[in-house]
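J.: Here's a structure for you.
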């Protein structure tokens, strides 16, 4: 390692190797049609509400429906 460029390349190669080893890469899929306030928690509640509706769990569905509506309203107001 005689030149400065070789030392910088060596440094970056070591850093990149360490990053590849210690940092996990996770993939996250998002829908481009989603509003900016849609979070994973909100999406999870919507799925629960949907399951309750199709599972004929009327009381549970109504509670989840109200919770989803309140959460959506809060998120929309927050981002305005």
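J.: If we count other beta carbons within 10 Å of each Cβ, what is the order of 11, 21, 42, fewest first?
T.: Lowest to highest Cβ neighbour count: 21, 11, 42.
J.: Something else now. For the chain, find the longest principal axis of its Cα atoms and tell me its angle to the long axis of helix 40-54, 0 to 90°, nearest 10.
T.: Compared with the principal axis, the helix lies near 40 degrees.
J.: Let me ask something additional. For the chain, what is the relative contact order in percent, using Cα pairs closer than 8 Å and at least 6 residues apart in sequence?
T.: Taking the mean separation of contacting Cα pairs over the length of the chain, I get 24 percent.
J.: Working from Cα positions, state the angle (0 to 90°, nearest 10) between the long axis of helix 4-22 and the longest principal axis of the chain.
T.: That works out to roughly 30 degrees.
J.: Would you indicate which of [x] 9.5; [y] 6.5; [z] 5.8 is the value of mean projected area of the Cα convex hull in nm² derived from the coordinates of this structure?
T.: Checked against the structure: label [x].
J.: A follow-up question, please. In degrees, nearest 10, range 0 to 90: what is the angle between the Cα axis of helix 58-79 and the longest Cα principal axis of the chain?
T.: Rounded to the nearest ten degrees, it is 50.
J.: Measure off 7 Å from each Cα along the Cα-to-Cβ vector at residue 38 and residue 65, then give the distance between these two points in nanometres to one decimal.
T.: 2.1 nm
Every number here is computed from the coordinates shown, using simple stated rules; none is lab data. No experiment lies behind these values; they were computed from the predicted model shown. Positions of Cβ are generated from backbone atoms using ideal geometry, with glycine treated the same way; all protein chains shown enter the neighbour counts.
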